[in-house]
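**Q** Dropping the structure in here first, questions after.
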Amino acid sequence: MDDTVEQQERRAQEVAERLVQNVARAFYDDDTVAVFDALVNHKYLKEPSGRKTKLSEEQAAAVEAGQAEPFGRPLDEVLQLRPKQVRKLMENLTRNERLVRKEDIGNDGSFFYIDYNWFKGVMDFRVGLMKRILKEMDSASKAQTCYQCPRCYNELSREELAKAGIIHCIYCVDSGEATQEQCTLVEIDTTSEETSVEDLGKKVERQLSYEEGLHEGIYDMLSQLNDLQEKGIRLNQNKPSVNLQRDRAQFRRNGGGGFVARNKRGRNAVIDDEGLELAPSQNGKAGAGESAAKRPKVASKATPHFLQGSQVTGVYEHDANGSAASSSSSSSSSSAAVVASMNVNGDGGGGGSQYAEQ
């Protein structure tokens, strides 16, 4: 029984992820391998900003448990590397190697990700290019000079010798300076160069083929993906904008209560369902059920001595020895008095103020 389209797509994604990890281990250093592994495991990671945006242990645990809305973790924090080092790695992978892609999602920031369809296409091109270069190198090594005149040191390749049909130097014989026996061509040993090209070809084949106990075969995985693509199965482009929306929608469908977002100060904060930032607890972590609306009010300050007896109300609550407490009626009457004092004549200017009357 043939697999369903969904099963084939799932298998294609698994093979594509293994392809990325095996390519990284075959051709790149340890730091680059860590980058590829992180992008495979997390799907998308935010570009380092240079600012400290690390989540608390409580917030990170909530994200991993699906209790906090995913927003994309910075790549440098996942790798535990300096932002400058991560930027250098990603500059090489995005611009030079062209294996990692980058997408800007407005207020959410810029994200790195692996487009598996693009990655597979790049590997197809590189494997084909590698085979062509090895073939050209092999042909060049065999076409190199193989015969030489011991008298004038003139050199001939195998093809030129086959076309001439002679085994002596025609220049020395035609000039009459030497006999055929004196200028018989001598074979030059080029086996070392041919051997080096053959060794290089064997090394490439070994790296790209399956080796038991060491690695899977890149050739085999590319062949599997080609077969699936011929059946109409497309590899995942893995765009962060799509994944981020899907993950957030899935989180809300699962009934998630709070999600991680950015507050006005650019720091990570936990937001409840009503859009209110959760109050931090005493240890600096976000509280589980305290919203900004439920925080206890700070006691009103006492009226400064220089404002004792002032008619401006609504700012301070006076004690029994000072002025009366503010109220909505006194506040509105004071506001009306201020407006009237600014424009008693109704001309929009300040010429008829109470100071002129005094």
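**Q** Please compute the net charge surrounding Leu19, taking Lys and Arg as +1 and Asp and Glu as -1 over other residues with Cβ under 14 Å from its Cβ.
**A** -3
**Q** Ignoring ligands, DNA and RNA, what percent of the 1.4 Å accessible area of the range 69-218 is carbon and sulfur?
**A** 49
**Q** Expected output is a single nm value to one decimal: the length gained when fully extending between Arg87 and Thr179, i.e. 0.36 nm times separation in residues minus the C-alpha distance. What is it? Provide the component values of the computation, followed by the final result.
**A** Values: separation 92, 0.36 × 92 = 33.12 nm, distance 6.99 nm.
Gain on extension, Arg87 to Thr179, equals 26.1 nm.
**Q** Now, a different point. Name the long-range amide H neighbours of His215: under 5 Å, sequence gap of 5 or more, or other chain; modelled H, no Pro or chain starts.
**A** Distant-sequence amide H within range of His215: zero hits.
**Q** Please list, in chain and number order, the residues 5+ apart from Leu45 or on another chain whose amide H is under 5 Å from its amide H, with Hs placed from the backbone.
**A** Those qualifying (amide H under 5 Å, at least 5 residues apart or on another chain) are Phe112.
**Q** Next up: What is the spread of the Cα atoms of the range 79-149 along each of their three principal axes, largest first, in whole Å?
**A** 73, 28, 18
**Q** Across the range 182-244, what fraction of all alpha-carbon pairs, as a whole percent, falls in each successive 5 Å bin from zero upward?
**A** Spelled out per bin, shortest first, that is 3, 13, 11, 11, 12, 13, 9, 7, 6, 5, 4, 3, 2, 1, 1, 0, 0.
**Q** Could you provide, to the nearest whole Å², the per residue accessible area of the range 94-154 with probe 1.4 Å? Mind dumping the intermediate values first?
**A** Values: 3460 Å² over 61 residues.
Accessible area per residue, the range 94-154: 57 Å².
**Q** Per-residue counts of other Cβ atoms within 10 Å, averaged by peptide: what ranking do you get for 122-133, 84-95, 37-48, highest first?
**A** Output ranking for 122-133, 84-95, 37-48: 37-48, 84-95, 122-133.
**Q** Hand me the trypsin sites (Lys or Arg not before Pro) from the range 142-177 located in a DSSP loop with no more than 16 other Cβ atoms within 10 Å, in residue order please.
**A** Loop-located and lightly packed - Arg151.
**Q** Say each of Val204 and Gln7 gets a label point 7 Å from the Cα, pointing the same way as Cα to Cβ; how far apart are those two points in nm?
**A** Going from the Val204 label point to the Gln7 one covers 3.8 nm.
**Q** Å³ per residue of the Cα convex hull, for the range 147-191?
**A** Values: hull volume 2.9 nm³, N = 45.
With only Cα atoms used, the range 147-191 gives 63 Å³ per residue.
**Q** Another one. Take every Cα-Cα distance within the range 86-241, group them into 5 Å bins from 0 onward, and report for each bin the whole-number percent of pairs it holds.
**A** Taking every Cα pair in the range 86-241, the percentages come to 1, 8, 10, 11, 11, 10, 8, 7, 6, 6, 6, 5, 4, 3, 1, 1, 0, 0.
The values are calculated or read from the model by the stated rules, or taken from the named source; none is laboratory data. From a predicted model like this one, the values you see are computed outputs, not experimental measurements. No Cβ is skipped: glycine too gets one built from the backbone with ideal geometry, and neighbour counts run over all protein chains shown. When the accessible area is computed, the model is the full protein with side chains, heavy atoms only, and any ligands, DNA or RNA have been set aside. Shrake-Rupley method; radii C 1.70, N 1.55, O 1.52, S 1.80 Å.
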